[in-house]
Amino acid sequence: METIIEPARPAPDLRELWRYRELLYVLVLRDIRARYRQMALGPAWIALKPLITMVIFSLVFGGLAGLPSDGVAYPVFTFTALLPWMAFAEAARASAGSLVARMDVIAKVYFPRLVVPLAAVLAALLDLVVSFGVLLVLMAISGEGVLSWRWLLLPGYVLLAAATALAIGLWAAAAAVRFRDLRFAVGYLMQAGIYATPVAYAASIVPEPWLSALKLNPMFWVVEGFRWALLGTGTPPEPAMLIPLLAVGLALASGVVVFHRMERTIVDWL
Amino acid sequence: MIRVEGLGKRYRIGGEPTLRALLRSPRAALQHETIWALRDVSFIVQPGEIVGVIGRNGAGKSTLLRLLGRITAPTEGRAVLHGRAAALLEVGTGFHPDLTGRENVYLNGAILGMSRREIERKFEAIVAFAGVARFIDTPVKRYSSGMQVRLAFAVAAHLEPEILLIDEVLAVGDAAFQQKSLGRMGEAARAGRTILFVSHDMSAIAQLCSRAILLEGGHLAADGPADSVIGAYLGQTESVHIDEGVVAAQPQDAPIRIEAVAITPEAVGTGDPLTVRIHYRAAEPLAAPGFVVTLHDTLGVEVVRLSTLPISGFHIERIEGAGHIDLHIDSLPLTGGLYTLSLAVTRPRVDTLVALDRVATLRIAARDLYGSGVLLTRSRGVVPVAHRWSLHPSD
């Protein structure tokens, strides 16, 4: 094995990333354990977070504002969307702040830095598995939802959410190294994003041309896809989906390159 | 093998720009004063060699190790490492305080590039080497800093990399663990591994390294046999070197602090008189304190131990405020070579209030004490003895 150390920036080495998969696994585990070890309720928090938001949304948007929910009980209607949305928001926020949070290790040991935001996204996705169990219980209680072949498409939607979160996280993490204020920008983006995505309301009440604008948002398709697959409402996959899909692909590829250019001198900036 | 060719690193100085500053005047925000921490450094380290890296603070030692450990990229030049490299820089490398010792061993091993199976196989040996078996399922935040360093070093030492980069980590462990670690590094080198070792402890460098490189202001100032490079570092005239960093590192809230240490004369040789002056300041009146001075040779053996109490029977009623205490040695009974001097203030037979380990390095000049033309260096024993021979053939 020969390592060459020089100022030039070689292309991102994805094979090296594969060699470090063990580290990815350990970091995800450490993330989850460290997060819930000191808490009295432990993993119950994962389920509690979307449940609390569901109750608030049900009271404000379903109750007070009386928003229609395509004939589905409003709590189940919004929880189905909150599920991928919250995992996505957490994944984007955690991966954007992950480099700064792991400075202690990064300053002392070499490993492909890409592992760090990747681990943050994976740890957030694990939350999704737990809250999906909660959703199944909710669906059983309320009698909402239809079991169909469409469930098999759910992993695809999760992958789209993860890719979007990672693209945002990589760009933000690389930029936040130079400009620290950007670290908080992702948090604000997520706060605004939940209203630019049909989480609290149904896409069916949005008039044109606003609907076409919403369809540029990749998370529109994730959230609507979850409803389409699980509840039989929502929006099925359409050709319009290709534009955000392509955009996410481009943002992810460029994000990996930008992140890689940054990672080699990251410690000099922090 | 490590091959370094014209390696250089330039750092920006000053804080990071904020987005606001960037929007206001992009050019000014992106412009920065720069400083070369390392420049035009070239050398080759062969397999099985242990090379010590010495130099004052800010000379570029840590920068060199960070470049070779791929923590950051160089600005110019290049380096080639043949074989798996592991860097052990500073204390508690990447431990998470909330996780247990066991979990941190796996985490740390994975960070250093070990597979889970490899860690499992070596787990018992790592824990035994660190001596933390009883606490392995306790969160590391409850470990002492010494225990954390021992565990971190144990993981790295069992990684069995072809190249090991070590930066001053051993300064934290106790004397016994330091010796164990130095022994482990020596074994690794005999097994054909390449080691680059940064330390302020000249006796450790002299003990472990056959070769040393000296950095001064980011440049390579000397490269050669450890003894002569250490000699160049300490200066041919300056044979007493006091490490101000050790003096400065004392805890601020200790009941007594050592404010300065002075050793006279500046050049000492075997049989010379020596005075050690310790300036102290006691925050509160201190009854019956003990002052301790020890000398260690390059093998870490304590060759001299002197204390006001109990060893010398010099009773001090009490001390209050600032002052100094002198230790006069009439004749230094040590052969030529490197020795380190440590100081401590104790409550005799109770506890240690403050300890300055290896605060000074003495390069004792060898003398021709026996008038034979042979300079008495460390290889001629530690203790010169007044003696005479007489031959009595029977018949």
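For the stretch A:221-234, which residues satisfy the criterion of being part of a loop (DSSP other than H, G, I, E, B) and under 20 Å from the mean Cα position of the chain (by Cα)?
Step one: filter the stretch A:221-234 for residues part of a loop (DSSP other than H, G, I, E, B), giving A:231-234.
Hit for the stretch A:221-234 is A:234, nothing else.
Which residue is farthest from the other protein chains (Cβ to nearest Cβ), if the candidates are limited to the stretch A:1-33 and must be surrounded by 19 or more Cβ atoms within 10 Å (Cβ to Cβ) and among the β-branched types (Val, Ile, Thr)?
By that ranking, first place goes to A:28.
Count, please, the residues in the stretch B:160-193 that happen to be touching a strand residue (DSSP E or B) at 6+ places or on another chain (Cβ under 7 Å) and modelled with pLDDT of 75 or more.
11
Picking from B:338, B:334, which residue would you name as being touching a strand residue (DSSP E or B) at 6+ places or on another chain (Cβ under 9 Å), within 24 Å of residue B:229 (Cα to Cα) and part of a loop (DSSP other than H, G, I, E, B)?
Values: B:338 fails: part of a loop (DSSP other than H, G, I, E, B).
Criteria check complete, one pass: B:334.
Out of B:349, B:367, I need the residue that is touching a residue at least 12 places away in the same chain (Cβ under 8 Å), loosely packed, with under 11 Cβ neighbours inside 10 Å and not small (Gly, Ala, Ser). Which one? Full working, then the answer.
Values: B:367 fails: loosely packed, with under 11 Cβ neighbours inside 10 Å.
Just a single option satisfies the conditions, and that option is B:349.
Does residue B:62 fit the bill of being more than 21 Å from the chain's Cα centre (by Cα) and within 29 Å of residue B:361 (Cα to Cα)? Lay out the reasoning, then the answer.
Working: more than 21 Å from the chain's Cα centre (by Cα): no; within 29 Å of residue B:361 (Cα to Cα): yes.
Answer is no for this residue.
Hey, residue B:62 hits all of (1) more than 9 Å from chain A (Cβ to nearest Cβ); (2) within 19 Å of residue A:24 (Cβ to Cβ); (3) not β-branched (Val, Ile, Thr) but one; which does it fall short on?
Every listed condition holds for residue B:62 apart from (2).
Filter the stretch B:65-88 for residues that are more than 7 Å from chain A (Cβ to nearest Cβ) and of a type in the set (Gly, Ala, Ser); which is nearest to residue B:361 (Cα to Cα)?
So the residue we want is B:86.
Given the residues A:162, A:119, A:124, which is the only one that is among the aliphatic types (A, V, I, L, M) and within 14 Å of chain B (Cβ to nearest Cβ)? Break it down stepwise before answering.
Working: A:162 fails: within 14 Å of chain B (Cβ to nearest Cβ); A:124 fails: within 14 Å of chain B (Cβ to nearest Cβ).
After ruling out the rest, the residue left standing is A:119.
Identify the residue in the stretch B:110-128 that is under 28 Å from the mean Cα position of the chain (by Cα) and facing chain A (nearest Cβ under 9 Å) and, among all such residues, is surrounded by the fewest Cβ atoms within 10 Å (Cβ to Cβ).
Among residues in the stretch B:110-128 that are under 28 Å from the mean Cα position of the chain (by Cα) and facing chain A (nearest Cβ under 9 Å), the one surrounded by the fewest Cβ atoms within 10 Å (Cβ to Cβ) is B:113.
The values are calculated or read from the model by the stated rules, or taken from the named source; none is laboratory data. Everything numeric in this text was worked out from a predicted model, so none of it was measured. For neighbour counting, all protein chains shown are included, and Cβ atoms are generated from backbone atoms with ideal geometry for every residue, glycine included.
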